[in-house]
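All of the numbers you see were taken from the coordinates with simple rules; none came from a lab. Keep in mind it's a predicted model, so treat the numbers as computed, not measured. Here Cβ is always computed from backbone atoms with ideal geometry, including for glycine, and neighbour counts include all displayed protein chains.
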Amino acid sequence: MITVIGLGFVGLTTALGFSKKGFKVFGIDVDQQKLENLRKFQVPFHEPHLPEVLREQLHQNFLLDVPLKEAIHKSNAVFICVGTPSLSDGSADLNFIYKAIDAITAIESDHLKVLVIKSTVPPSTMSEKIKPYVSAKGRRNFALASNPEFLREGYSWGDFMRPDRIVIGVEDQAVLPILQEIYKPFDAPLHQVSFNGAEFIKYLSNTMLSTMISYANEMAMIADKIGDIDIAASFRILHGDKRWSGEPAAMASYIYPGCGYGGYCLPKDTSALLSIARAHQVDAPILAANLKINEDVKNFVADKISKNVGAKEVLGVLGLSFKPGSDDVRMSPSKDIIARLLANGHKEIIAYDPMANDAFDKEYHLPIEYADSLDDLLDRTSHLIILTGWKEFKERRDDILKKNVFDFRYLLS
Ligand SMILES: NC(=O)c1ccc[n+]([C@@H]2O[C@H](COP(=O)([O-])OP(=O)(O)OC[C@H]3O[C@@H](n4cnc5c(N)ncnc54)[C@H](O)[C@@H]3O)[C@@H](O)[C@H]2O)c1
């Protein structure tokens with residue numbers, strides 16, 4: 001049996017979704033008006049499909065009006081779905097969560113229960129705030145899990161019933177079977193991660209969406225100032241790019257971390273659009289930040305290596321071209337990263353690129369050596385830094401991972 005605390009968009013959908021899958025679900029809310037509406041089969045907000053499912057499930061698998069104590073006693077999972085609004089400083093207000101935890105942990109538990117945080121809370125909230133808060137209650141038999149929700153309002157029923165992924169952050173492995181059983185009927189990939197990881201994935205998703213929206217709006221403001229541009233048509237034509245759905249360069253490959261973009265187009269075109277925006281008195285902070293981050297990440301990479309490897313050690317650089325499958329070294333992040341490593345005092349750097357050794361040497365004349373092959377480099381150093389995501393490196397994963405590897409293309413993990 002399952003208890004769901006908080007019957008808003010997320011909680012009501014969750015409660016009805018689990019009911020529909022055959023679980024007995026107790027619904028709890030502090031809002032008496034909301035409960036009154038639900039008892040009358042009225043969903044207090046607009047959300048397609050929920051009224052029909054409420055009519056079908058209420059008094060069957062979905063039960064309101066069971067006292068909290070009884071609900072908690074009978075459940076082995078308690079989903080907390082209360083609101084987490086913003087405080088005036090922008091941080092998340094956790095008070096509704098704390099109040100729910102107070103009420104739940106006031107009840108003695110005779111068997112293991114998993115307290116699942118489904119509300120959205122920023123990364124590290126569970127480990128640094130909720131876990132100590134629950135521990136301080138001194139109650140045994142309550143274990144924690146983080147299970148962020150990705151449903152969209154307006155599509156909440158379909159999104160919940162046919163999830164594309166389920167993310168579960170746990171520390172206590174004993175709770176995993178309980179959650180696996182609950183989510184089994186949904187037949188979706190279940191990713192087990194850390195508490196911080198689960199919380200981070202939710203923010204990764206939402207901030208990617210908000211960044212894309214702000215990016216589109218910043219671009220529209222620039223286009224408006226430049227003039228004579230059909231803004232809507234421009235975006236629709238952008239959506240025709242085969243990267244949105246096609247192979248080999250699906251859009252997902254752009255929303256993946258690395259050590260900066262390079263090449264002939266992205267750096268110069270981003271700079272040029274920022275400069276034309278400024279010429280039209282448009283601030284364009286996203287474009288400016290975009291360029292700054294591209295510099296910051298290269299410094300981050302080089303400084304992280306310098307912090308972990310002594311200046312006298314031999315450094316092996318894997319990849320010089322700006323992207324795999326190309327020998328183009330123009331504006332390659334490898335150049336700036338190697339230059340900073342040299343400036344940081346590293347004297348012996350040996351580089352290997354399947355295609356671009358000569359082009360890189362000719363273009364930049366840096367005081368480094370070049371290896372003829374991957375094996376040659378593997379023989380000459382124990383520290384490897386991956387700066388270009390070549391397929392060859394992936395294929396030689398096992399050999400590479402025998403070394404001290406800095407994988408800044410996140411290629412081998
Ligand atoms: N709305 C969405 O599309 C969406 C999607 C994914 C995640 N989320 C996250 O899920 C959480 C809930 O969002 P929502 O839109 O469902 O919020 P909501 O405000 O619609 O619902 C929260 C419910 O919790 C109840 N509540 C508050 N304190 C309680 C307590 N101590 N005991 C019992 N009930 C209590 C409230 O009365 C309310 O009915 C938030 O953290 C939100 O960020 C929302």
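Here are the numbers for the structure shown:
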| read-out | value |
| --- | --- |
| Spin-label model distance (nm) - residue 254 vs residue 187, 7 Å beyond Cα toward Cβ | 3.4 |
| With at most 12 other Cβ atoms within 10 Å, longest stretch of the chain clear of loop GluC sites (Glu not before Pro) (DSSP) | 154-413 |
| The chain: antiparallel DSSP beta bridges as a percent of all, rounded to 5 | 5 |
| Beta bridges by DSSP in region 1-150, antiparallel share as percent, to the nearest 5 | 5 |
| Between helix 333-343 and the chain: long-axis angle, C-alpha atoms, 0 to 90°, nearest 10 | 70 |
| Diffusion constant of region 40-116 at 4 °C, which comes from Stokes-Einstein with the Kirkwood Cα-pair radius and 1.567 mPa s, µm²/s | 86 |
| FRET efficiency for residue 228 and residue 110, using Cβ-Cβ distance with R0 set to 45 Å, rounded to 0.05 | 0.05 |
| Low-density loop cleavage sites - trypsin sites (Lys or Arg not before Pro) in region 291-322, where at most 10 other Cβ are within 10 Å (DSSP) | 312 |
| Neighbour-count order for 55, 139, fewest beta carbons within 10 angstrom listed first | 55, 139 |
| Gyration tensor over alpha-carbon atoms, region 105-246, equivalent ellipsoid semi-axes in Å | 41, 18, 11 |
| Orientation-averaged projected area, Cα convex hull of region 60-160 (nm²) | 7.8 |
| Förster radius 22 Å - calculated FRET efficiency between residue 412 and residue 311, Cβ distance, rounded to 0.05 | 0.30 |
| Distant-in-sequence amide H partners of residue 317 (H built 1.01 Å from N, under 5 Å) | 350, 351, 352, 385 |
| Dipole magnitude of region 2-203, debye to nearest 20 (Cβ charges: Lys/Arg +1, Asp/Glu -1, about Cα centre) | 340 |
| Charged-residue dipole, Cβ positions (Lys, Arg, Asp, Glu), region 321-413 about Cα centre, Debye nearest 20 | 440 |
| Relative contact order of region 4-109, defined on C-alpha pairs under 8 angstrom at six or more residues apart (%) | 30 |
| Cβ-Cβ FRET estimate between residue 269 and residue 98, R0 fixed at 45 Å, reported to 0.05 | 0.40 |
| In order through region 219-225: 3J(HN,Hα) via Karplus (6.51 cos²θ - 1.76 cosθ + 1.60), integer Hz, x for Gly, Pro | 5, 5, 5, 5, 4, 4, 6 |
| Fully extended contour minus Cα-Cα distance, from residue 135 to residue 304, at 0.36 nm per residue | 57.3 nm |
| Ellipticity estimate at 222 nm from DSSP helix runs (n ≥ 4, -39,500 (n - 2.57)) divided over the chain, nearest 500 | -13000 deg cm²/dmol |
| Net charge over other residues, Cβ less than 13 angstrom from the Cβ of residue 271 (K, R count +1; D, E count -1) | +1 |
| log₁₀ of I(q)/I(0) at q = 0.07, 0.08, 0.12 Å⁻¹ - the chain, Debye sum with one point per alpha carbon | -0.49, -0.62, -1.05 |
| The chain: relative contact order as a whole-number percent, Cα under 8 Å and 6+ apart | 10 |
| Cα gyration tensor, region 291-407 - rounded (a/c under 1.5), prolate or oblate | rounded |
| Gained length - residue 32 relative to residue 280, 0.36 nm times residue gap less alpha-carbon distance | 83.8 nm |
| Charged-residue dipole, Cβ positions (Lys, Arg, Asp, Glu), region 204-254 about Cα centre, Debye nearest 20 | 140 |
| All Cα pairs of region 7-64, percent lying beyond 19 Å | 13 |
| At q = 0.11, 0.16 Å⁻¹, base-10 log of I(q)/I(0) for region 2-203 (Debye sum, equal scatterers on each alpha carbon) | -0.46, -1.05 |
